[in-house]
1. With a bin width of 5 angstrom, please list the P(r) values of the range B:1-53 as percents of all Cα-Cα pairs, from the 0 bin to the one holding the largest distance.
2. Cα centroid distance between the range A:1-69 and the range B:41-65, in Å?
3. I need A:2, B:111, B:72 ordered by Cβ neighbour count within 10 Å, fewest first.
4. Please sort by residue number the chymotrypsin sites (Phe, Trp or Tyr not before Pro) in the range A:10-79 whose DSSP state is loop and whose Cβ has at most 16 other Cβ atoms within 10 Å.
5. For labels at residue B:8 and residue B:29 in the simple 7 Å Cα→Cβ model, what's the distance in nm?
6. Cut-off is 10 Å between beta-carbons; in what order do A:15, A:46, A:32 appear when sorted fewest neighbours first?
7. Taking only the C-alpha atoms, wrap a convex hull around chain B and report its volume per residue in Å³ as a whole number.
8. From the C-alpha coordinates alone, can you work out the Kirkwood hydrodynamic radius of the protein assembly as shown, in Å?
Amino acid sequence: DTAVSQTPKYLVTQMGNDKSIKCEQNLGHDTMYWYKQDSKKFLKIMFSYNNKELIINETVPNRFSPKSPDKAHLNLHINSLELGDSAVYFCASSQVWSSGTEQYFGPGTRLTVT
Amino acid sequence: AQSVTQLDSQVPVFEEAPVELRCNYSSSVSVYLFWYVQYPNQGLQLLLKYLSGSTLVESINGFEAEFNKSQTSFHLRKPSVHISDTAEYFCAVSDPVGAQKLVFGQGTRLTINP
């Protein structure tokens, strides 16, 4: 029944490692997003894909690479992790080009880089 | 560019008291407006939204917000709060067209005291 799911929920890793976070939505939406929530709870858009095409790419280090194998999945791969990457990462989805336009959020992945 | 300012980072109130969480936005175009709620250690849930039409919108759990175009505000109110309303509340805007990324305010932590 979960609308937007993310794995893993918690991720603890060391500096310099490469890690991935997976996101899946079963709502039939055409657009997916990644947001980053920092330690002060501030939320900021990172990327957005519409029908597997990148449509939003905010100022994010190129160590972050999103990948969308199909419109139900949007994964986030992070290379050479740094301490500043520690945050909660939220995936979201919506149906753009229609009324309503609510974004549904996943439960978040808390990434801790040591 | 769009921006959102939530004027209060923390709002403590007593149970059954009224509350108002303030939100002002800046945008050169028309906007969609949202309030999201984040309960401790959870993802974001949509509380209510303004897309068009009536400027007063309501949620199922007693919250309401009023869109005021002249004051560029979308304040959230509840006449009587409960302990269960303790959470972080985020105001957000998006462009009605295009990718519709959400631009969030800094969040307001609502703490309900018995």
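Quick note: the coordinates plus some simple rules give every number you see, no bench work behind them. If you're wondering where the values come from, they're calculated on a predicted model, not measured in any experiment. Because the Cβ atoms are built from the backbone with ideal geometry, glycine has one as well, and the counts that use them run over all protein chains shown.
1. 4, 13, 19, 26, 21, 11, 5, 1
2. 25
3. With the fewest neighbours first, A:2, B:111, B:72 line up as A:2, B:111, B:72.
4. Those satisfying the criteria are A:42.
5. Label at residue B:8, label at residue B:29, 3.3 nm between them.
6. The fewest-first ordering by Cβ neighbours comes to A:15, A:46, A:32.
7. 100
8. Hydrodynamic radius (Kirkwood, Cα only) of the protein assembly as shown equals 18.2 Å.
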